[in-house]
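The structure appears below as structure tokens.
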Amino acid sequence: MIEDYFTEIESLLIASPIVLSFKTSKEKISEDRGWIKGSVIFTNGTQMHLFEYVKIDNSPCIIKYAYHWQRKDGKLIKRWDNAPHHKGLETYPDHIHVGESVYSHENMDIKRVLDILEEE
């Protein structure tokens with residue numbers, strides 16, 4: 001159940017042509033719940049910190065997420081997350097940080113983030 005989801009995330013990272021290396025840690029809370037967090041180094045030298053808290057029903061449901069993409073020096077490029085602190089946004093709680101600005105954004109998952117980063 002949740003272990004299968006963790007394996008799927010790691011498989012996506014392994015298969016991505018832009019991922020140089022990654023480390024993850026995981027915690028199984030129950031058969032159908034858990035979290036995975038990690039850091040990814042990309043072939044262009046940028047990095048991403050990721051976090052997902054997931055519940056498995058018929059399919060995975062990402063309850064909480066953050067994907068923080070940054071330059072080597074730690075300066076934010078983009079961060080997608082659903083922390084509930086921008087109530088005025090149309091897509092609340094989902095949003096994206098680009099530099100100092102925050103915008104509405106659809107909810108995200110690691111596959112969509114990797115697809116975006118592969119295009120950029």
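Quick notes
- Cβ-Cβ under 7 Å pairs, at least 6 apart or on other chains, segment 98-110 side in contact (Cβ under 8 Å) with a residue 40 or more places away in the chain, far side among the β-branched types (Val, Ile, Thr): Asp109/Ile62; Ile110/Ile9
- Members of segment 26-42 found to be out of contact with any helix residue (DSSP H, G or I) (no Cβ under 6 Å at 6 or more places or on another chain), farther than 19 Å from Gln70 by Cβ and in a strand (DSSP E or B), listed by number: Glu27, Ile29, Ser30, Arg33, Trp35
- Residues of segment 1-25 that are free of Cβ contacts under 8 Å to residues at least 24 places away in the same chain, in a strand (DSSP E or B) and either of a type in the set (Lys, Arg) or more than 15 Å from Tyr53 (Cβ to Cβ) (or both): Leu20, Ser21, Phe22, Lys23.
- Checked against (1) in contact (Cβ under 8 Å) with a residue 24 or more places away in the chain; (2) under 15 Å from Leu20 (Cβ atoms); (3) surrounded by 13 or more Cβ atoms within 10 Å (Cβ to Cβ), Thr43 meets all criteria but (3).
- Among the residues of this structure, Val102 does not count as one that is hydrophobic (A, V, I, L, M, F, W, C), surrounded by 12 or more Cβ atoms within 10 Å (Cβ to Cβ), under 14 Å from the mean Cα position of the chain (by Cα) and assigned to a strand (DSSP E or B).
A short reminder: the numbers here are calculations on the coordinates, not readings from a lab. In this text, all values refer to a predicted model and were calculated from it rather than measured experimentally. All Cβ positions, even for glycine, are placed from backbone atoms using ideal geometry, and neighbour counts span all protein chains on display.
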